[in-house]
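These notes concern the structure reproduced below.
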Amino acid sequence: MIGYLNGTVAGIYKKTGNRVILYLDVNGVGYELQILPRMQNLDAKTGENLQVFTHLQVRDDLMVLYGFSSMAERDLFRQLVSVSGIGMQLAIALLDTLELPDLVQAIVGGNTGILTKTPGVGKKTAERITLELKTKLSEWRKQAGLPTVSTSNLSAEIQEEVEMSLLALGYTSSEVMQALTAITSHPNLAENNSAEDWIKYAISIL
């Protein structure tokens, strides 16, 4: 198993289906890795050194090496593909849509509305992800050093209404997660069951 590669960037190319390929030269050997689309904006340019954490997929007719910017990102990818019905490309799409802490928080908090903003993820798929990974990621994120946020003072109905309203207003999934993180710690709203007040405060933050 290849845990990570450390080499020089030989090139980054976009292929069909929103797939982005990184060519990494490691001591004269060129490795082809599929990376997250947003990794196209890496500061590393051709000829510069880069460390990439990897996951190797082996099938009868194909071997694909996936590259990630951190060990935590790679490990979350492995957690996602362990869920029934979640393939490699859908896991990549989930990681590319939300920042790592926001994606973990969405799963742990059961924020299916946020997850369905990822192309290819429907409501049933989002529910399956949260059902299978909620407990696992709640413990894992502590080990990975990711921030922990509780949304327990929000009912599921209010939380969904806040999420859907903000998304409808054009805010990104990442921005919605940031707002939820902020408003759940607001002392004056802790006992407030008005979705309208939560939404107004979220908008003021954003």
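Each residue of region 61-107 gets 82 Å³ once the volume of the Cα convex hull is shared out per residue. Secondary structure note: in region 1-134, about 90% of the DSSP beta bridges are antiparallel. Got a sec? Charge dipole of region 36-124, +1 on Cβ for Lys and Arg, -1 for Asp and Glu; which of L94, M63, G122 is way out at the positive end? Value computed over the given set: G122.
Net length available on complete extension from S194 to M63 is 42.0 nm, with 0.36 nm assigned per residue and the Cα-Cα distance removed. 3J(HN,Hα) along region 72-83, derived from phi through the Karplus expression 6.51 cos²θ - 1.76 cosθ + 1.60 where θ = phi - 60°, amounts to 5, 5, 5, 5, 5, 4, 5, 5, 5, 6, 7, 7 Hz, with x in place of Gly and Pro.
When the charge dipole of the chain is built from unit charges on Cβ atoms (+1 for Lys and Arg, -1 for Asp and Glu) and taken about the Cα centre, the candidate among A202, V83, T54 whose Cα reaches farthest toward its positive end is T54. Across region 1-64, C-alpha contacts under 8 Å between residues 6 or more apart give a mean separation that, scaled by the residue count, equals a relative contact order of 38 percent. The Rg/Rh ratio for the chain is 1.02, where Rg is the radius of gyration of the alpha carbons and Rh is the Kirkwood radius.
Pairs of alpha-carbon atoms within less than 8 angstrom and 6+ residues apart define the contacts here; what relative contact order does the chain have, in percent? Each step should come with its number before you reach the end.
On the way: 282 pairs, mean separation 27.5, N = 206.
Relative contact order here is 13 percent.
Estimated at the nearest 10 Å², the accessible area of L206 is 70 Å² with a 1.4 Å probe. About its Cα centre, the chain has a charge dipole of approximately 480 debye under the convention of +1 per Lys or Arg Cβ and -1 per Asp or Glu Cβ, with nothing else charged. For the peptides 93-105, 54-66, the ranking by packing is 93-105, 54-66, with the highest mean count of neighbouring Cβ atoms within 10 Å listed first.
Grab the DSSP H runs of the chain that are 4 residues or longer, score each as -39,500 (n - 2.57), total them, divide by all residues and round the 222 nm result to the nearest 500 deg cm²/dmol.
-13500 deg cm²/dmol
If you roll a 1.4 Å probe over the heavy atoms of the protein chains, what accessible area per residue do you get for the chain, in Å²?
Values: 10560 Å² over 206 residues.
Spelled out: the 1.4 Å probe surface of the chain, per residue, equals 51 Å².
Using the crude model of +1 on Lys and Arg Cβ and -1 on Asp and Glu Cβ, and no other charge, please compute the dipole size for region 1-123 relative to its Cα centre, in debye to 20.
340
GNM remark for the chain: springs join alpha carbons under 10 Å apart, and the peak mean-square fluctuation among S84, S69, S174 falls on S84. When the Cα atoms of region 1-116 are aligned to their principal axes, the ranges along those axes come out at 45, 35, 27 Å in descending order.
Nearest 20 debye, what's the magnitude of the dipole of region 71-143 about its Cα centre given +1 on Lys and Arg Cβ and -1 on Asp and Glu Cβ? Could you put the intermediate results ahead of the total?
Numbers: 10 positive and 8 negative charges, 43 e Å.
So the magnitude is around 200 debye.
The modelled label-to-label distance for the pair L56/S84, using points 7 Å beyond Cα in the direction of Cβ, is 3.0 nm.
The values are calculated or read from the model by the stated rules, or taken from the named source; none is laboratory data. This is a predicted model, so every value here is computed, not measured. Don't worry about glycine lacking a Cβ; one is built from the backbone with ideal geometry, like all the others, and counts go over all protein chains shown. For accessibility, only protein heavy atoms count, side chains too; no ligands or nucleic acids. Shrake-Rupley method; radii C 1.70, N 1.55, O 1.52, S 1.80 Å.
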